[in-house]
Amino acid sequence: MKKALCVGIDCYEYVDDLHGCVNDANSIKAALERNGDNTLNFQVKIMCATSEAAYITRSELKDAIEDLFESESEIAVFYYSGHGSFDSAGGYLCTSDIKRPDDGVSLNEIMSFVSKSKARNKVIILDSCFSGAIANPIDMPNFSILHQGTTILAACGASEYATEENGHGIFTSLLIEALYGGAMNLLGEVSPGSIYSYIDRSLGAWDDQRPLFKANISSFVSLRKNAPPIPISELRRITEFFITPYDEYQLDPTYEPDKHEADIKEVNKEHQAIFEILQRFVKLNLVVPVGEEHMYYAAIHHKACKLTAQGQHYWKLVNKNTI
């Protein structure tokens, strides 16, 4: 069982309201609830403060977070979008009823729930100002304390502000893109690590906020599965075409349907079918032609193709029967 708690707080009683946090929480709920093929992924609970009547109090949010991490599950994901605050004791998630920074739910409290959690994998995703302060002991500012199976994605550093744009947090907009396939591997799976890489690359070098990633994990965790960019049955043929990850696959004009520049005109349907798969491997950076810029000329000129470093990686996964 996989469980997620998505929280978005736009409305506050004593501080300025926000405008994109509820949108953020609903969008993350939609991305986590179903995989790309519409199969059930996470069982999601959502809490949104959209008006005065829907204020979320500190006790309500604290209880919901504790309940999430207290129950047994394969993965427990906590997502928060809203105001964040910081004082000499650490960081806080601001609930609708805050009057001062430390009225919110303490990031230290959240990590205490995580440390006692029965979930195998704990993932905390925060889109709030100062969110990078989580798991940073005040008395050890250069260290981070994470229990086994814990992953943290934060929108910004401990002293940085998270910003909104076009009705969403900038961080969450990229997070949504990543979940829907921007950060997936060739199996269609999206991990917290690939999400961080996607967001970090997408933000320019001059952006004021930088995402933060912390993890203490021993195995891969997938947050969503999308349709893979290539059928798994085709990907598995990589060890059929390349006997070792360092071999070259010899080509000739029988592989290329367009033979107007070829020295032979023989038609081989089996070779052409293989060449189509190899061309798809090229598009996914698994294969490159040898001695030519394009696969077409590698075939026409009787040359070869070989695996890239990424291709060698997937060859080894297929060879180990992990794909």
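The values are calculated or read from the model by the stated rules, or taken from the named source; none is laboratory data. These figures come from a predicted structure and were not determined experimentally. Here Cβ is always computed from backbone atoms with ideal geometry, including for glycine, and neighbour counts include all displayed protein chains. Ligands, DNA and RNA are stripped out before the accessible areas are found, and what is left, the full protein with its side chains, is counted by its heavy atoms. Shrake-Rupley method; radii C 1.70, N 1.55, O 1.52, S 1.80 Å.
Quick notes on this structure:
- Qualifying trypsin sites (Lys or Arg not before Pro) for segment 91-165 [loop in DSSP, other Cβ within 10 Å: at most 13]: LYS99, LYS116, LYS118
- Within the listed set ILE110, ILE300, ILE134, the Gaussian network model of the chain (springs between alpha-carbon atoms below 10 Å) gives the highest mean-square fluctuation for ILE300.
- Formal net charge of residues neighbouring VAL44 (Cβ-Cβ distance under 11 Å; K, R +1; D, E -1): +4
- Between helix 309-319 and the chain: long-axis angle, C-alpha atoms, 0 to 90°, nearest 10: 90
- Checking (1) 44; (2) 48; (3) 54 against percent of Cα pairs over 26 Å apart calculated from these atoms, the matching label is (3).
- Residues of segment 54-210: accessible area per residue with a 1.4 Å probe, Å²: 42
- For segment 172-271, size of Cβ-based charge dipole, Lys and Arg +1, Asp and Glu -1, in debye: 720
- Chain lengthening between ASP16 and ILE232 when straightened (0.36 nm per residue, less Cα-Cα): 72.8 nm
- Rolling a 1.4 Å probe over the protein heavy atoms of the chain, with every protein chain left in place, gives an accessible area that is 49 percent carbon and sulfur.
- Here segment 211-253 is scanned for amide nitrogen atoms under 20 Å from the site 7 Å beyond the Cα of MET1 along Cα-to-Cβ, giving 222-224.
- Charge tally in the Cβ shell below 13 Å around ASP16, where Lys, Arg are +1 and Asp, Glu are -1, ASP16 excluded: -4
- Heavy-atom accessible area per residue - segment 214-323, 1.4 Å, Å²: 55
- Contour minus Cα-Cα distance for ASN38 and ASP102 (0.36 nm per residue): 19.0 nm
- With at most 13 other Cβ atoms within 10 Å, longest stretch of the chain clear of loop GluC sites (Glu not before Pro) (DSSP): 75-260
- Ordering of 22-29, 307-314, 223-230 by burial proxy (mean other Cβ atoms within 10 Å per residue, highest first): 22-29, 223-230, 307-314
- With respect to the chain, whose longest principal axis is taken over its alpha-carbon atoms, helix 192-202 is tilted by about 80°.
- Taking the longest Cα principal axis of the chain as reference, the axis of helix 21-33 is set at about 50 degrees.
- Long-range HN-HN contacts of ILE125 with modeled amide H, under 5 Å: PHE78, TYR79, TYR80, LEU153
- Considering helices alone, the calculated mean residue ellipticity of the chain at 222 nm is -8500 deg cm²/dmol, with DSSP H runs of length four and up weighted by -39500 (n - 2.57) and normalised per residue.
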